[in-house]
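Here, each number is a calculation from the coordinates, and none is a lab measurement. Fair warning: this is a prediction, and the values are worked out from it, not measured in the lab.
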Amino acid sequence: MSSASLAAPILRSLKIKTGAVKRLVREREVYILELDQQRERIETLRNKEGVEGADIRKQNEVLEETLQMIPYMERRIREAMQDLENLVIASKKDDTLVVPELCDADEAIASAKQALPDTKEAKQALSDTNEAKHAAGSLA
């Protein structure tokens, strides 16, 4: 088999795995935005007159579901990123395979690493930021 015929499946896998990492990073960002919006929605309901407690409890349930999705998405990003990193390493061993897809994959990996809180401190900073936004919303 020629290296060109071996490269086609690798290129296809690179494109698919790169796209998956990018999509998962975007999905995590959407959940974080949804989390902020849901907190604002709950605060608005609390400040409105005539809103039943059941409505607020239901919105709190939605908030909890969103909170649970963020760590889930982070696990999925880590798994997809690891798969992509392994494929990139294997692809770079073949010196004939230098393609834009490798650059895209490297960028997707860097984006995923930046999006993921790796340490307790980063997670705490994200939590503190969200709490500060929430508190600012309740003062307005």
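So between V51 and A110, what do we pick up on full extension, going 0.36 nm a residue minus the alpha carbon distance? Walk me through the numbers on the way to the answer.
Working: separation 59, 0.36 × 59 = 21.24 nm, distance 4.51 nm.
That pair, V51 and A110, stretches by 16.7 nm at full extension.
Amide H to amide H, with H built 1.01 Å from N, L116 comes under 5 Å of no residue 5 or more places away or on another chain. In a fully extended conformation the segment linking D36 and R78 would gain 12.8 nm over its present Cα-Cα distance, using 0.36 nm per residue.
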